[in-house]
1. When the scattering of the chain is computed by the Debye formula from its Cα atoms alone, each counted once and equally, what is log10 I(q)/I(0) at q = 0.08 Å⁻¹?
2. Projected onto the charge dipole of region 40-82 (+1 at Lys/Arg Cβ, -1 at Asp/Glu Cβ, origin at the Cα centre), which of ILE63, ASN47, TRP73 gives the Cα projection farthest towards the positive end?
3. Could you state the orientation-averaged shadow area of the convex hull built on the Cα atoms of region 163-245, in nm² to one decimal?
4. Suppose a student asked you for the relative contact order of region 1-123, using Cα pairs under 8 Å spaced at least 6 residues apart; what percent would you report?
5. Looking at the square roots a ≥ b ≥ c of the eigenvalues of the Cα gyration tensor of region 1-61, which shape do they give, rounded for a/c under 1.5, prolate if a/b is larger than b/c, or oblate?
6. For region 111-217, what D do you get in µm² per second when you plug the Kirkwood radius from alpha-carbon pairs into Stokes-Einstein at 20 °C and 1.002 mPa s?
7. Throw me the Rg/Rh for region 1-138, computed over C-alpha atoms with Kirkwood Rh, two decimals.
8. Given the C-alpha centroids of region 108-137 and region 179-194, what is the distance between them in whole angstrom?
Amino acid sequence: MSMKISLNFSPNFDLKKRKKNEIKFIVFHYTGMKSEKKAIEKLLNHNSKVSCHYLIKNNGEIIKMVPETYQAWHAGISSWKKIKYLNKNSIGIEITNPGHEFKYKKFSNKQIYSLIKLTKYLIKKFKINSKSILGHSDIAPDRKLDPGEKFPWEYLSKNKIGTWHSLSQNKIKKERGLNISDPLKIKFTNNLFKIGYPKSSNINKNKYNKIITFAFQRRFRQELINGKIDKECLLISENLVKKFN
């Protein structure tokens, strides 16, 4: 696959090499900074203690910052299914975007085009399962919002990148906002844990359930992010449990 990648290496990575078969995930991020220049500077700054394997600029240019054989510092405290601290098992891709704090915007067509090419290359190289392509807010829902509700997860899934539900949008939209019983709300939350979302012992249960509902909606019900569990959310979660397990 023809793909132009420039090199600009970050000092922020673990010196110990990892084996190719240890790489099981790809994690998408947005930079969450006002300017692209500042975001790149931060990823290259030793004092920031953050990095990524690849960064995709606004114009679609791809920069390689850490070789895949090393752990970049992009995931932080994170968990998915039974795996914790995903840095050791993942490739981190940052996409330039100011994020929710600085007038969050749509990702450019050039960015998404480059992301598809890069991700397909990585999937093939490391034999990564589509179920193991995640967002930062999936693996760290209590800390992160990225890549957010403007990230085109559904479109990417049509390009065999990531997982999306197989329900009719027109049909499930009719269930939006419909209340469900408390036992069904518990079922929804348990579905999220089955899909892979992490559990938490540090945060009040009701508060955390709302946090992971927000994260779920940013990924799978992007038209309405309100933290409320309705029938539409339940139906989507039931469909996804079958896909993620």
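1. Treating every Cα as an identical point scatterer, log10 I(q)/I(0) equals -0.29.
2. TRP73
3. Values: hull surface 20.5 nm².
The number I arrive at for region 163-245 is 5.1 nm².
4. Details: 246 pairs, mean separation 41.7, N = 123.
Reported as a whole number, the value is 34 percent.
5. On the way: a/c = 1.82, a/b = 1.21, b/c = 1.50.
The shape class here is oblate.
6. On the way: Rh = 15.7 Å.
Once the numbers are plugged in, D ends up at 137 µm²/s.
7. Details: Rg = 14.0 Å, Rh = 15.0 Å.
Ratio value, two decimals: 0.93.
8. Comparing the Cα centres of region 108-137 and region 179-194, I get a distance of 30 Å.
No value in this document is a laboratory result; all are computed from the given coordinates. For clarity, every value in this text was computed on a predicted model and none was experimentally measured. Heads up, the Cβs are rebuilt from the backbone with ideal geometry, glycines too, and the neighbour counts pull from every protein chain shown.
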